[in-house]
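Take a look at the structure below.
The values are calculated or read from the model by the stated rules, or taken from the named source; none is laboratory data. All values derive from a computational prediction rather than experimental measurement. For neighbour counting, all protein chains shown are included, and Cβ atoms are generated from backbone atoms with ideal geometry for every residue, glycine included.
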Amino acid sequence: MQTHVTKHADIEKKWHLVDATGKVLGRLASEVAGLLMGKRKPYVARHLDTGDFVIVINAEKIRLTGKKLEQKFYFRHSGYPGGRKDTRLDDMLRSKPEWVIRHAVMGMLPHNHMGRSQLKKMKVYSGSDHPHEAQKPEPLAL
């Protein structure tokens, strides 16, 4: 019996359309991260990018549990002393809802070159319109 080794030519990538309306942020992010890594495919290979492309629409309509809207903070730092900027989650959802989903998925992907290339295959839009109709994305119910 021989072991099957997945080759780059064997990988077929599909486009999936995920509607984030009413979905919990963390659960949505873990499902999307699994699609980007190719965990649902029978030929998963850790050294190859076997994942699919994912389009997430209606990012502004995600749901959060508990008191995360008031208690969760995102922070960034300019690199200078006293350069820390804190932003609450509800402010971030108002200004950049796409970034919230992108940040949640980024934390669930590998923190290396492969994870950064997998993250580029995710497109997030705050509304229901997207410019990827030519790719014929399949609607995916999570």
Test set (1) under 14 Å from residue 17 (Cβ atoms); (2) surrounded by 15 or more Cβ atoms within 10 Å (Cβ to Cβ); (3) at pLDDT below 95; (4) of a type outside the set (Asp, Glu) - residue 141 fails condition number: (2)
Name the one entry in 69, 109, 119 that is over 27 Å from residue 49 (Cβ atoms) and of a type outside the set (Gly, Ala, Ser). 69
Those residues of region 44-70 which are in contact with a helix residue (DSSP H, G or I) (Cβ under 9 Å, 6 or more places away or on another chain) and part of a strand (DSSP E or B) amount to 53, 54, 55, 56, 63
Out of region 99-114, which residues are without any contact (Cβ under 8 Å) to a residue 40 or more places away in the chain, assigned to a helix (DSSP H, G or I) and either at positive phi or surrounded by fewer than 18 Cβ atoms within 10 Å (Cβ to Cβ) (or both)? 99, 103, 106, 113
State which residue is nearest to the chain's Cα centre (by Cα) when the search covers only region 1-31 and only residues that are assigned to a loop (DSSP other than H, G, I, E, B), of a type in the set (A, V, I, L, M) and surrounded by fewer than 17 Cβ atoms within 10 Å (Cβ to Cβ). 11
Just checking, how many residues over region 49-83 are under 15 Å from residue 102 (Cα atoms) and polar (S, T, N, Q)? 1
Exactly one of these conditions fails for residue 98: (1) touching a Ser or Thr at 6+ places or on another chain (Cβ under 8 Å); (2) at pLDDT below 95; (3) among the charged types (D, E, K, R). Give me its number. (2)
When (1) farther than 17 Å from residue 19 by Cβ; (2) in contact with a strand residue (DSSP E or B) (Cβ under 8 Å, 6 or more places away or on another chain); (3) surrounded by 16 or more Cβ atoms within 10 Å (Cβ to Cβ); (4) of a type outside the set (A, V, I, L, M, F, W, C) are applied to residue 52, the one that fails is (1)
Matching residues in region 71-91 (out of contact with any helix residue (DSSP H, G or I) (no Cβ under 7 Å at 6 or more places or on another chain), surrounded by 10 or more Cβ atoms within 10 Å (Cβ to Cβ) and acidic (Asp, Glu)) number 1
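State yes or no: is residue 119 in contact with a helix residue (DSSP H, G or I) (Cβ under 7 Å, 6 or more places away or on another chain), under 30 Å from residue 10 (Cα atoms) and either buried (at least 18 other Cβ atoms within 10 Å of the Cβ) or of a type in the set (Gly, Ala, Ser) (or both)?
On the way: in contact with a helix residue (DSSP H, G or I) (Cβ under 7 Å, 6 or more places away or on another chain): yes; under 30 Å from residue 10 (Cα atoms): yes; either buried (at least 18 other Cβ atoms within 10 Å of the Cβ) or of a type in the set (Gly, Ala, Ser) (or both): no.
Criteria not met by residue 119.
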